[in-house]
Amino acid sequence: MGSSNSRQSKRSPSPPPPPPPNPELNEPWRRFNWGKKEELKEKLENFSPSHPDVKDIKILVAGQIGAGKSSFINSVDSAFLGRISSRAIANSAAGFDHSFTQNLKGFTIRSRKKKLPFIFKDIMGLEAEVLEGSQVEDIISVVFGHMKDGHKFNKDQPLTREDQHYISDPSLSEQSFCLVYVIDAATVQFTDDKLIDKLKIIRQRISDKGIPQVLVMTKVDEACPLVKKNLRKVYTSKKIKEKMELCSAKVGVPLTNIFPVKNYHNEIDTDDDTDVLILKALEQIVQLADDRLQEIDS
């Protein structure tokens, strides 16, 4: 027993566990100028559609339930107003599984100086089940300008030609020229395949008509502790980069058209870093929409 105890006493101590992997990249993987908030605001405030027949560019915002599409519209409004706006009513209740938005409504974005020439269309949230949430055909109807504001969505019946809110021959100004998908960064890996299939069908149908798409990835602060502490870490966060790549692979939107943002939800004052991420996403949305407008008569 003495020799056994002697051998045990000579054993080297167990090596310490390896340190956890660094959650942060050495350099930002996307160049981003955090000091351009006022420049972005001024550029967007001075924007005007390139087509003479279009006064306001329509932008349709679609997304999974609870991802924050109405909150994104409010956050855009807030970035221009310099105060928290809540015109697009969002559901703040935990655990909700049905869309709070029931009717199609357009929101003109305002700044302190004037109304801006783009309108966000807020639609019922997407649900995975085929007959629940906003129908694929309803989203396509809004994009192509066939649905009037005020239409109440019916999960069992998409808009028909006989409906009072149907527009048979929409003008250019009634059509949407960019579709924005809103996806929750915190839950993207668990997004139901049925919902992804819906997005892919919509993407294919409107891509055939040349309508651009942008993906806004919300709740980045909830998805990554690094970003929660410091929003400026969003483009050095390995986790956020992986989630953006996952969004791109699942939905088919290129990374250049995917923008991570943090919506306003419990704040009482606006924040420059939050604003600049939102304004940069809006700049790309508006540019893509106007590019499509320019192609119509070319």
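The values are calculated or read from the model by the stated rules, or taken from the named source; none is laboratory data. Quick caveat: nothing in here was measured; it's all calculated off a predicted structure. Glycine gets a Cβ as well: all are built from the backbone with ideal geometry, and neighbour counts include every protein chain shown. What goes into the accessible areas is simple: the full protein's heavy atoms, side chains included, and nothing from ligands, DNA or RNA. Shrake-Rupley method; radii C 1.70, N 1.55, O 1.52, S 1.80 Å.
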Violations at 23 Å Cα threshold for listed pairs Lys209/Lys241; Lys198/Lys228; Lys105/Lys241; Lys43/Lys113; Lys55/Lys219 -> Lys209/Lys241; Lys198/Lys228; Lys105/Lys241; Lys55/Lys219
If packing is taken as the average count of other Cβ atoms within 10 Å, what order do 62-69, 17-24, 218-225 fall into, highest mean first?
62-69, 218-225, 17-24
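Can you send over the carbon and sulfur percentage of the accessible area for region 188-269, probe radius 1.4 Å, protein chains only?
The nonpolar share, carbon plus sulfur, comes to 52 percent.
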How much accessible surface area, in Å² rounded to 10, belongs to the heavy atoms of His146 with a 1.4 Å probe?
40
Would you mind telling me the antiparallel percentage of the DSSP bridges in the chain, rounded to 5?
30
